[in-house]
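The values are calculated or read from the model by the stated rules, or taken from the named source; none is laboratory data. Just so we're clear, the structure is a prediction, and the values are computed from it rather than from any experiment. Cβ placement follows ideal geometry from the backbone for every residue including glycine, while neighbour counts extend to all protein chains displayed.
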Amino acid sequence: MYESFYKLRELPFTLTPDPAFLYYSPQHRFALTMLRYGLLSRAGFSVLTGEVGSGKTLLVRQLLASLEGDVTIGLISNTSRHLGRLLQWVCLAYGIEHAGQDDPTLYQAFVDFLVREYAAGRQVVLIVDEAQNLGIDMLEQLRVLSNVNADKNAVLQTILVGQPELLETLKLPNLRQFAQRVAVDYHLGPMTRDDVHGYVRHRLTVAGGSPDLFAPLAIDFAHAAAGGVPRLVNQLCDTALVYAFADQLTYVDGSLMQQVIASRLGGGIFPGQLPPEMPLPVARAGSP
């Protein structure tokens, strides 16, 4: 819609995770380093947590894109407490026949698969996204699966990715054996003000536009209203560009970003906040 007007090759603030737009804030860089270390050290379990929209999925995609050597990846993304039989989902993630099989049969099939991969020199990694939805029983099942070792090496490595609730679950006394097997864990907190400035400028540059398309004050307001959450920053910046394009403005200033925040908060869906240090925004003409 506004790409050609601002000389952009593509939308800079799309909500779809794209490794090309990954911005390495200090904590995102450290999180990726920790995940890579977990794989290189053959850690049985690695845990990455963060709020919704903090960039967890983007980091995992970048991790997968950067893997070298023979690695077999399995992904379970549709998790819930009513997932059913976990072994079925694990076998499905690796293309192992599972229909009509009971758990002992599935377990043996999975063990045989791990042994074959290990003998062929391939590293097996299981990624469980939205892992905060797993209950104690399913996490215990994952721990039992990790008992398969060969020559003191973990033949199955598991990366759990989830929201902060996952951390609270893993702290429960019932899961102390599981927690002891977590070799790597990192929590992504909100981005700082300086991080958001670098983040916005980075995404504009990657999209082929000017990094100065947003005034510093506009970015300050976006950071405060979004609480430093990248996905919410994206929503505000994308809406701001639509507003600016509608008025044929050459850049987004603080006043326009105030109007965007007023409109999004007024709708009642945007999960941001009105920063106390920001003047009360005046709703844009024609907005709700």
inquiry  = Here is a check on your reading of the model: is Gly227 farther than 15 Å from Val52 by Cα, surrounded by fewer than 21 Cβ atoms within 10 Å (Cβ to Cβ), among the small types (Gly, Ala, Ser) and not assigned by TED's automatic domain parsing to the domain that holds Ser46?
reply    = no
ask   = Which of the residues spanning the range 162-196 are free of Cβ contacts under 8 Å to residues at least 12 places away in the same chain and under 11 Å from Ser25 (Cβ atoms)?
value = Asp194
task = Looking only at the range 197-208, decide whether some residue is under 30 Å from Tyr37 (Cβ atoms) and assigned to a strand (DSSP E or B).
result = no
inquiry  = With the requirement that a residue be of a type outside the set (Ser, Thr, Tyr) and either crowded, with 19+ Cβ neighbours inside 10 Å or assigned to a loop (DSSP other than H, G, I, E, B) (or both), what does the range 209-219 give you?
reply    = Gly209, Pro211, Asp212, Leu213, Phe214, Ala215, Ala218, Ile219
request  = Looking for whichever is hydrophobic (A, V, I, L, M, F, W, C) and surrounded by 15 or more Cβ atoms within 10 Å (Cβ to Cβ) here; the options are Ala109, Ala99. Which one fits?
outcome  = Ala109
task = List the number of the failed condition for Gly208; all other conditions in (1) outside the structural domain of Leu63 (by TED's automatic domain parsing); (2) in contact with a Gly (Cβ under 7 Å, 6 or more places away or on another chain); (3) at positive phi hold.
result = (2)
inquiry  = Tell me yes or no: at least one residue of the range 20-40 is in a loop (DSSP other than H, G, I, E, B) and either among the β-branched types (Val, Ile, Thr) or within 24 Å of Ala179 (Cβ to Cβ) (or both).
reply    = no
query = Out of the range 106-157, which residues are modelled with pLDDT of 90 or more, over 19 Å from Lys171 (Cβ atoms) and among the polar types (S, T, N, Q)?
reply = Gln108, Gln123, Gln157
message = Given the options Thr33, Thr16, Thr57, Thr79, name the one that is over 19 Å from Leu170 (Cβ atoms), surrounded by 16 or more Cβ atoms within 10 Å (Cβ to Cβ) and not assigned by TED's automatic domain parsing to the domain that holds Ile219.
response = Thr57
note = If we ask which residues in the range 112-154 are closer than 23 Å to Leu67 by Cβ, aliphatic (A, V, I, L, M) and surrounded by 13 or more Cβ atoms within 10 Å (Cβ to Cβ), their number turns out to be 12
